[in-house]
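Right, one structure below, let's go through it.
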Amino acid sequence: MNIIVPIKQVPDLVEELEIDASGVDLDRSSLKLKLNEFDDHALEEALILKEETGSTVTAIALEAEDVDKILFTAFAKGADKIIKVTGLENPSAHQAAQAMAEVIMGLSPDLVMTGVQAVDDRDGQIPVLLAHYLKIPHVSVVTSVKAEGGGVTVSKEYGGGLVAEFEAKLPLVVGVQAARQSPRYVPVAKVRQVMKSATIEEVAAGSTSATAGSSVKRFFKPEGGRGAEMLEGSAEEQASKIIQTLKEKGIIK
């Protein structure tokens, strides 16, 4: 089975994020980037399938500053091949999906596995858009993928803790919510070693006609509140105070 895993780097939300002078983007001069958490889970699930079935795993990413590091990390974790798509600058989600799909199509994929969303993605539609441009089915919010005969069985999570299983034929795009196990850790020393020996294949992006998408008009930090009011007393007294507060604010009559 030929598995393709599109991955991307995103801002590390543990770090303090600052808004740039334009007010429509983050200050990227000191921004720390990392592999998108959901893409990391997609890669892990792909590597589990590789171990179970002898599949081939290819990690692919759009060209960006320091993106080589996450590709080499994917290789160090067990990917067989790493590809960088060059020639796109600040693409929208639609343009990114179209460019990725064009390259992926040439790889004759059986299974495309990517994260269901990313922290810097305003629509979370990359799996859907990849399926659209590849003209193949997709299943998103997936928590496991198992090879069954000539296809796969995927577990899809719904609200309220419900999980459904779907039998799907290949080729297929899967939006991974979580892998069956935590993404494997790879030491920095191993990544550095891989950087010396592994080769990133570079493929130029074709023309992208996609124009749909969203744009940022303003970034701003949320204003701090005045803090919470702690209610004391018995359950009945607390309930009475809640009702009185809601009436005072006009929420209930």
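The values are calculated or read from the model by the stated rules, or taken from the named source; none is laboratory data. Please read all numbers here as calculations on a predicted model, not as lab measurements. Methodologically, a virtual Cβ is constructed for each residue, glycine included, from the backbone with ideal geometry; neighbour enumeration extends over all protein chains shown.
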message: Quick check on E44: is it modelled with pLDDT under 95 and out of contact with any strand residue (DSSP E or B) (no Cβ under 7 Å at 6 or more places or on another chain)?
response: no
- line: Going through segment 120-155 in order, the residues found to be under 22 Å from N90 (Cα atoms) and of a type in the set (K, R) are R122
query: Does at least one position in segment 107-115 carry a residue that is outside any strand (DSSP E or B), surrounded by 19 or more Cβ atoms within 10 Å (Cβ to Cβ) and hydrophobic (A, V, I, L, M, F, W, C)?
result: no
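Working only within segment 151-167, note down all residues that are touching a residue at least 24 places away in the same chain (Cβ under 8 Å) and either farther than 17 Å from T53 by Cα or among the acidic types (D, E) (or both). Let's see the steps before the verdict.
From segment 151-167, those touching a residue at least 24 places away in the same chain (Cβ under 8 Å) are 152, 166; that's our starting set.
Matches in segment 151-167: F166 only.
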- line: Flagged pairs (Cβ under 9 angstrom, 6 or more apart or on separate chains; first in segment 46-59, in contact (Cβ under 8 Å) with a residue 40 or more places away in the chain and buried (at least 18 other Cβ atoms within 10 Å of the Cβ); second basic (K, R) and part of a helix (DSSP H, G or I)) are L47/K77; V57/K50; A59/K77
message: Checking the condition in contact with a Lys or Arg (Cβ under 6 Å, 6 or more places away or on another chain), surrounded by fewer than 18 Cβ atoms within 10 Å (Cβ to Cβ) and on the phi < 0 side of the Ramachandran plot, which residue from D80, D12, D20 passes?
response: D12
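Mind checking which residues of segment 48-82 are part of a helix (DSSP H, G or I), of a type outside the set (A, V, I, L, M) and under 19 Å from the mean Cα position of the chain (by Cα)?
Filtering segment 48-82 down to residues part of a helix (DSSP H, G or I) leaves 48-53, 67-77.
So of that shortlist, the ones also of a type outside the set (A, V, I, L, M) come out as 50-53, 68-69, 72-73, 75, 77.
The answer is D68, K69, F72, T73, F75, K77.
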